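Trainee: Please see the structure below; I have some questions.
The values are calculated or read from the model by the stated rules, or taken from the named source; none is laboratory data. Computed from a predicted model, the values in this text were never measured in an experiment. Here the Cβ is made from the backbone with ideal geometry for all residues, glycine too, and neighbour counts use every protein chain on show.
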Amino acid sequence: MSAKKSMVLVVDDDIRILRMMKRMLELEGFQTTIANSGEVALKTFEKETPDLILLDIMMPDMDGYTVCQRIREFSQVPIIMVTAKGDDKEKVAGLNIGADDYVTKPFSASELAARVRAVLRRFGNQDRPAEAVFHYKDLAVDFASHRVMVKNNELRLTSTEYRLLSYISLNAGRVITPDQLLHKVWGEEYIGAPHLLQVNIARLRKKLGDDAKKPSYIMTRPGIGYIMSKTT
């Protein structure tokens with residue numbers, strides 16, 4: 001019996017690009033469903049419940065940022081933003097609103113598939129913690145249910161933010177280098193992409209209510225990495 005193929009929702013208002021990406025992914029072994037606008041994307045997501053979304057940013061009726069924000073209100077499904085070549089502002093903006101990764105136009109079928117597989121792989125792999133729940137100060141990370149509480153209030157984290165926090169808390173008391181975090185949370189191919197980590201650490205700290213200049217939970221060791229203490 002063959003393994004179930006992962007379902008990818010591809011969103012782009014250019015029908016030629018939409019068909020091209022659909023064909024690329026299907027040749028690489030993925031199931032695909034498509035949407036040619038933001039509104040259609042939201043309806044298709046509810047109907048198909050895909051494993052991952054490839055989301056173009058520049059669309060006329062509802063841009064990719066808005067679609068991403070709407071989906072993040074009720075789902076943590078992995079989202080890869082499709083950005084213009086060399087536009088770092090688009091990449092950072094997408095990460096800031098909850099996207100998990102980005103792919104830059106133009107791309108080959110193998111590059112697109114590798115990006116999709118890398119994101120699906122890291123969301124499918126979870127470390128086994130020694131304890132069911134990690135506690136530090138007012139923070140609680142429930143590894144079994146993937147829930148995070150601060151002062152008894154549950155936080156809405158993206159899958160990437162949760163993996164980042166869980167890996168740091170699983171290694172409480174140890175300094176973790178940026179490359180270690182990039183390798184563990186994103187994959188080996190992301191080593192040497194510090195802006196990806198910096199944006200997500202800043203976003204995670206904001207949700208934790210952490211002051212970047214004087215953090216309570218995730219401390220920075222300049223020139224070395226990040227650490228969370230074991231003791232309150």
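Trainee: Here is a check on your reading of the model: is V77 in a loop (DSSP other than H, G, I, E, B), under 21 Å from the mean Cα position of the chain (by Cα), among the hydrophobic types (A, V, I, L, M, F, W, C) and crowded, with 16+ Cβ neighbours inside 10 Å?
Mentor: On the way: in a loop (DSSP other than H, G, I, E, B): yes; under 21 Å from the mean Cα position of the chain (by Cα): yes; among the hydrophobic types (A, V, I, L, M, F, W, C): yes; crowded, with 16+ Cβ neighbours inside 10 Å: yes.
Yes.
Trainee: Select from the range 213-226 the residues that are in contact with a Ser or Thr (Cβ under 8 Å, 6 or more places away or on another chain) and within 18 Å of D138 (Cβ to Cβ) and list them in ascending order. Please lay out each step first, then the result.
Mentor: So in the range 213-226, the residues in contact with a Ser or Thr (Cβ under 8 Å, 6 or more places away or on another chain) come out as 219, 224-226.
Across the range 213-226, the qualifying residue is only M219.
Trainee: Can you go through R203, R174 and tell me which one is of a type in the set (D, E, K, R) and under 13 Å from the mean Cα position of the chain (by Cα)? Walk me through how you get there before you give the answer.
Mentor: Details: R174 fails: under 13 Å from the mean Cα position of the chain (by Cα).
After ruling out the rest, the residue left standing is R203.
The rows are residues; the columns are (1) assigned by TED's automatic domain parsing to the domain that holds D88; (2) modelled with pLDDT under 90; (3) within 25 Å of Y102 (Cβ to Cβ).
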{"site": "L170", "(1), (2), (3)": "no, yes, no"}
{"site": "W186", "(1), (2), (3)": "no, yes, yes"}
{"site": "Y190", "(1), (2), (3)": "no, yes, yes"}
{"site": "I201", "(1), (2), (3)": "no, no, yes"}
{"site": "A212", "(1), (2), (3)": "no, yes, yes"}
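Trainee: Residue by residue through the range 127-152, note down the ones that are more than 23 Å from L182 (Cα to Cα), at pLDDT below 80 and of a type in the set (D, E, K, R).
Mentor: Passing the criteria: only E131.
Trainee: Need the failing condition index for Q69 against (1) within 24 Å of E189 (Cα to Cα); (2) outside any loop (DSSP other than H, G, I, E, B), just the number.
Mentor: Only one criterion in (1) within 24 Å of E189 (Cα to Cα); (2) outside any loop (DSSP other than H, G, I, E, B) is unmet by Q69, namely (1).
Trainee: If you don't mind, another one. Assuming M59 fulfils every condition listed in (1) assigned to a loop (DSSP other than H, G, I, E, B); (2) more than 17 Å from the chain's Cα centre (by Cα); (3) surrounded by fewer than 21 Cβ atoms within 10 Å (Cβ to Cβ) apart from one, which condition is it?
Mentor: The one condition M59 does not meet is (3).
Trainee: Could you tell me whether any residue of the range 16-39 is in contact (Cβ under 8 Å) with a residue 24 or more places away in the chain, buried (at least 18 other Cβ atoms within 10 Å of the Cβ) and either closer than 30 Å to K207 by Cα or in the same structural domain as E189 (by TED's automatic domain parsing) (or both)?
Mentor: Yes, the range 16-39 has at least one match.
Trainee: Okay, moving on. Conditions first: (1) touching a residue at least 40 places away in the same chain (Cβ under 8 Å); (2) under 25 Å from E73 (Cβ atoms); (3) surrounded by 17 or more Cβ atoms within 10 Å (Cβ to Cβ). Y226 passes all but one, so which condition is the exception?
Mentor: Result: Y226 fails condition (2) only.
Trainee: Being touching a helix residue (DSSP H, G or I) at 6+ places or on another chain (Cβ under 6 Å) and closer than 24 Å to R147 by Cβ is the filter; apply it to the range 97-126 and report the residue that is modelled with the lowest pLDDT. Explain how you work it out, then say what you get.
Mentor: So the first thing to find is which residues in the range 97-126 are touching a helix residue (DSSP H, G or I) at 6+ places or on another chain (Cβ under 6 Å), and the list is 97-103, 109, 112, 123.
Among the residues that remain, those that are also closer than 24 Å to R147 by Cβ are: 97-101, 123.
On the way: I97: 83, G98: 82, A99: 87, D100: 85, D101: 87, F123: 71.
If we take residues in the range 97-126 being touching a helix residue (DSSP H, G or I) at 6+ places or on another chain (Cβ under 6 Å) and closer than 24 Å to R147 by Cβ, then F123 is modelled with the lowest pLDDT.
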